[in-house]
Amino acid sequence: MTTQESVYAIASGKGGVGKTTTTVNLGTALAGAGNRVAIVDVDLGMANLAGFVSLSPDSVTLHEVLAGEAAVMDATYQLADGIWAVPSGNELDSYAGVKTENLRDVVTTLREEFDYVLLDVGAGVSHETVLPLGLADAIIVVSTPEPAALQNATKTCELADRAGGTLAGLVLTRTRPGSDIDHEEIADGLDLPLLVTVPEDDAVRQSVFAGTPLVVHSPRSRASRAYRYLAARLVGEASADERPRFEAPKRQQPRPDTDGGEVPDEGAQAASEDDVSAAISEIDGEDDLGIRDAEADDSTNE
């Protein structure tokens, strides 16, 4: 990687692994460092970025731009200081008029207007998925350590190669510090450098419900630290040796109750509940993270 790269495709073979969460938080962290950043929803058929900016039914989206009916800057909406979004539409009628070949011109224009452009690529295998991989300067592959997700990540790497794209590295999300999973071995198996591991963190779910990016909502959380490091690494201000290492949370010993028995450790109970919540989230495939305006962001800062 070089610091000349400014257009990144954020891709995954499987939905629900944290791709959009990564896109939004990486973009927010880059903007917080003084950059102008655009995040673009290039999942044209299953768009989810439109809800982040509360578009009205007649708002211009990337669908109209790709159909040749509007300029890309007409579909670019400021979310907060330093960050803008280009959402795709949710209507099948507008999707029917899309000409994907026009995406090249869209990326060219945005490259000139912004310091960084992040393309939130749809999961799966299709022309719409492959095209952005070839337009980006580099591709960030997002996956969890789960076998099914990693198998699909392998397909994403193969698609990137066929599209002539350059792979920047791997972001592993929902990792469990203290587990026996070797994250470096996973990255080596994909023939990718490991950019960062993002630990399972309840603050991620809390930020979703708050409608605020994690790096703003819980800036001192472990997952937040990971995303800020990722931003620093992409701009050349951090090295692989500085990648944060997260230790397993310490658990207290069970306390004796008044009858001589043992009271279950509250930390262990909370961890168990987190496991269940994480499993439910993964089954649901939730991968959204909203952004409010700058005033709302300030009000939810920790």
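Some points to look at:
- Any pair with Cβ under 8 angstrom, 6 or more apart, that starts in the range 140-167 at a residue that is farther than 16 Å from SER126 by Cβ and ends at one that is modelled with pLDDT of 95 or more and aromatic (Phe, Trp, Tyr): ILE140/TYR8
- Matching option when the condition is at pLDDT 80 or above and not hydroxyl-bearing (Ser, Thr, Tyr), among PRO254, PRO199: PRO199
- Residue count for the range 62-94 under the criterion of being in contact (Cβ under 8 Å) with a residue 40 or more places away in the chain and surrounded by fewer than 19 Cβ atoms within 10 Å (Cβ to Cβ): the result is 3.
- Search result, residues across the range 121-135 that are open to solvent by 10 Å² or more (accessible area, probe 1.4 Å) and either farther than 12 Å from LEU159 by Cα or hydrophobic (A, V, I, L, M, F, W, C) (or both): ALA123, VAL125, VAL130, LEU131, LEU135
- Within the range 137-155, tally of residues that are open to solvent by 10 Å² or more (accessible area, probe 1.4 Å) and either of a type in the set (A, V, I, L, M) or within 11 Å of GLY13 (Cα to Cα) (or both): 6
- Residues located in the range 198-207, provided they are within 15 Å of LEU26 (Cα to Cα) and open to solvent by 10 Å² or more (accessible area, probe 1.4 Å): VAL204
- Residue match in the range 161-170 (condition: touching an Asp or Glu at 6+ places or on another chain (Cβ under 9 Å), among the small types (Gly, Ala, Ser), modelled with pLDDT of 95 or more and part of a strand (DSSP E or B)): yes
Residue-by-condition table, conditions (1) in contact (Cβ under 8 Å) with a residue 24 or more places away in the chain; (2) farther than 16 Å from VAL17 by Cα; (3) not charged (D, E, K, R):
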site: PRO199; (1), (2), (3): yes, no, yes
site: GLY211; (1), (2), (3): yes, yes, yes
site: SER218; (1), (2), (3): yes, yes, yes
site: SER221; (1), (2), (3): no, yes, yes
site: TYR227; (1), (2), (3): yes, no, yes
site: LEU230; (1), (2), (3): yes, yes, yes
site: ARG233; (1), (2), (3): yes, yes, no
site: ALA240; (1), (2), (3): yes, yes, yes
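- Check on PRO219, open to solvent by less than 40 Å² (accessible area, probe 1.4 Å) and farther than 24 Å from VAL121 by Cβ: yes
- Meets criteria (more than 20 Å from the chain's Cα centre (by Cα), under 25 Å from SER59 (Cα atoms), open to solvent by 30 Å² or more (accessible area, probe 1.4 Å) and in contact (Cβ under 8 Å) with a residue 24 or more places away in the chain) for GLU113: yes
- Beta carbons closer than 7 Å, at least 6 apart along the sequence or on distinct chains, pair a first residue in the range 35-49 that is open to solvent by 20 Å² or more (accessible area, probe 1.4 Å) with a second that is outside any loop (DSSP other than H, G, I, E, B) and aromatic (Phe, Trp, Tyr) for ASN35/TYR116; GLY45/TYR95.
- Within the range 51-65, the set of residues being assigned to a loop (DSSP other than H, G, I, E, B) and modelled with pLDDT under 90 comprises SER54, LEU55, SER56, PRO57, ASP58, SER59.
The values are calculated or read from the model by the stated rules, or taken from the named source; none is laboratory data. As the structure is a prediction and not an experimental result, all values here were calculated from the model. Note that each Cβ is placed from the backbone with ideal geometry, even for glycine, and that neighbours are counted across all protein chains shown. Ligands, DNA and RNA are stripped out before the accessible areas are found, and what is left, the full protein with its side chains, is counted by its heavy atoms. Shrake-Rupley method; radii C 1.70, N 1.55, O 1.52, S 1.80 Å.
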